[in-house]
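Okay, structure first, notes after.
Read-outs: derived from the displayed coordinates by stated rules, not from any lab. Keep in mind that what you see is a predicted model, and the values were worked out from it rather than measured. FYI the Cβ positions are ideal-geometry reconstructions off the backbone, even for glycines, and counts take in every protein chain you see.
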Amino acid sequence: MIRLLYLLVKPHDMSQETFRAECLRHYEMSHDVPGLHKYEVRLVVQQPTDTHVPYFDIGQVDAIGECWFENDAAYDTYMASDVRRTWFEHGKTFIGQLKPFRTETVGGDNKVA
Ligand code: 3ML
């Protein structure tokens with residue numbers, strides 16, 4: 001599985017309510033995107049600072065998203081898709097800033113995780 005994790009920051013002038021509604025719309029739209037196995041977006045409701053190791057301050061993050069792809073071929077299908085392009089156009093309307101991470105499993109099977 002290819003997994004891409006994203007930190008999302010809302011535009012400065014957008015309300016929490018609008019951002020939440022657009023995240024929900026984005027989630028619903030994700031179901032029609034070819035090659036995309038799964039998309040999840042979760043709102044950040046708290047950013048605790050009382051960590052047991054040194055705190056890493058990255059500033060305000062409003063949501064965390066993740067995209068799953070079965071393999072490189074599925075990712076290529078996704079990238080080539082007009083539905084995906086439309087999805088990204090919607091993303092541009094409510095994602096102020098985006099920080100992607102491609103992740104891999106530490107111990108398990110990258111084919112399933
Ligand atoms: C890439 C993405 C990260 C996310 O949360 O949604 C997708 C598509 C987009 O950026 O519009």
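Quick notes on this structure:
- Nearest-0.05 FRET efficiency for H90 and E70, computed from C-beta distance (R0 25 Å): 0.60
- Simple Cβ-charge dipole of the chain, Lys/Arg +1 and Asp/Glu -1, about Cα centre, in debye nearest 20: 60
- Free of any chymotrypsin sites (Phe, Trp or Tyr not before Pro) that DSSP assigns to a loop and that have at most 16 other C-beta atoms within 10 Å, the longest stretch within the chain is 57-113.
- Net lengthening on full extension, H52/M14 (0.36 nm per residue, minus Cα-Cα): 10.3 nm
- With the gyration tensor restricted to C-alpha atoms of the chain, the semi-axes of the equivalent ellipsoid amount to 25, 21, 10 Å, longest first.
- Label-to-label distance, M79 versus E40, with points set 7 angstrom from Cα along the beta-carbon direction: 2.5 nm.
- Under the span-like rule (Cα at least 27 Å along the axis, Kyte-Doolittle mean at least 0.0), DSSP H helices of the chain: none
- MRE, 222 nm, helices only [DSSP H, n ≥ 4, -39500 (n - 2.57), over the chain, to nearest 500]: -10000 deg cm²/dmol
- Segment A113-M29, length gained on full extension (0.36 nm per residue, minus Cα span): 27.9 nm
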